[in-house]
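Q: My structure is below; once you've seen it, I'll send some questions.
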Amino acid sequence: MNPKIYVETSIISYLAARPSRDVVALAKQQITIEWWNNFRNHFDLYISQLVIEEAERGDKDAADKRLEIAEELQITDISENALELAKIIMQKANMPKKAENDVLHIAIAATQKMDYLLTWNNKHIANAMIQKILREIVSECGYDLPVICTPNELTGDIYDTP
């Protein structure tokens, strides 16, 4: 069985976006596309209804491209446990209200026993400053925090070793 990845909306957005003029955004797009083309088949990829709802926002043509990519992925439930864990994280980690969806992505990935949460959201998800507290809170609630990483952190020759 392949490791399970919860694919957060930013990954799909970078895959679907027109090439950016911003050098940092363009680099993220290229890294994401390379990961998608070369590494995704080593994993079972999941999204949630929350990813679909976020992907639907904005320009219709861009949203259609994001949704086309999302259709390729398996959908996992947003369980009551995930909703409860998200509330606990929001309170105990003192997260701002605008981080609710980001925290819900984390809670979904944890309660659905994902091995990885793949994201480019460095503000509230792939943020080393909050990883320790997230791990503690999630563990106190009886779950394991998945490895939260960006596509460039989830590459390499690990699948070629015996």
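The values are calculated or read from the model by the stated rules, or taken from the named source; none is laboratory data. What you see is a predicted model, and the numbers here were worked out from it, not measured in a lab. Here the Cβ positions follow ideal geometry from the backbone for every residue, glycine too, while neighbour counts run over all protein chains shown.
Q: Within the stretch 85-105, identify whether any single residue is in contact with a Pro (Cβ under 9 Å, 6 or more places away or on another chain) and crowded, with 20+ Cβ neighbours inside 10 Å, and answer yes or no.
A: There is no residue in the stretch 85-105 that is in contact with a Pro (Cβ under 9 Å, 6 or more places away or on another chain) and crowded, with 20+ Cβ neighbours inside 10 Å.
Q: Next question, about the same structure. Quick test of your reading of the structure: I125 fulfils all but one of (1) over 20 Å from P151 (Cβ atoms); (2) at pLDDT below 95; (3) of a type in the set (A, V, I, L, M, F, W, C). Name the failing condition by number.
A: Condition not satisfied by I125: (1).
Q: Name the residue that is farthest from K113 (Cα to Cα), counting only residues in the stretch 1-24 that are surrounded by fewer than 22 Cβ atoms within 10 Å (Cβ to Cβ) and in contact with an Asp or Glu (Cβ under 8 Å, 6 or more places away or on another chain).
A: Top of the filtered list is A16.
Q: Test M95 against the stated conditions and say whether it is within 23 Å of C141 (Cβ to Cβ), in contact with a His (Cβ under 8 Å, 6 or more places away or on another chain) and of a type in the set (A, V, I, L, M, F, W, C).
A: Yes, satisfied.
Q: If you don't mind, there's one more thing I want to ask. Restricting attention to the stretch 25-48, report how many residues are exposed (fewer than 14 other Cβ atoms within 10 Å of the Cβ) and touching a residue at least 24 places away in the same chain (Cβ under 8 Å).
A: 3
Q: Here's another thing I want to ask about it. Any chance the stretch 132-144 includes a residue that's at pLDDT below 95 and touching a Pro at 6+ places or on another chain (Cβ under 9 Å)?
A: Scanning the stretch 132-144, I find no residue that is at pLDDT below 95 and touching a Pro at 6+ places or on another chain (Cβ under 9 Å), so the answer is no.
Q: All but one of (1) exposed (fewer than 14 other Cβ atoms within 10 Å of the Cβ); (2) at pLDDT below 95; (3) assigned to a loop (DSSP other than H, G, I, E, B) hold for Y159; which doesn't?
A: (3)
Q: Take the residues in the stretch 126-137 that are among the hydrophobic types (A, V, I, L, M, F, W, C) and farther than 17 Å from N101 by Cβ; name whichever of them is surrounded by the fewest Cβ atoms within 10 Å (Cβ to Cβ).
A: M129
Q: Ok, one more. With the requirement that a residue be part of a helix (DSSP H, G or I) and either at pLDDT 95 or above or under 15 Å from V103 (Cα atoms) (or both), what does the stretch 145-156 give you?
A: Hit for the stretch 145-156 is P151, nothing else.
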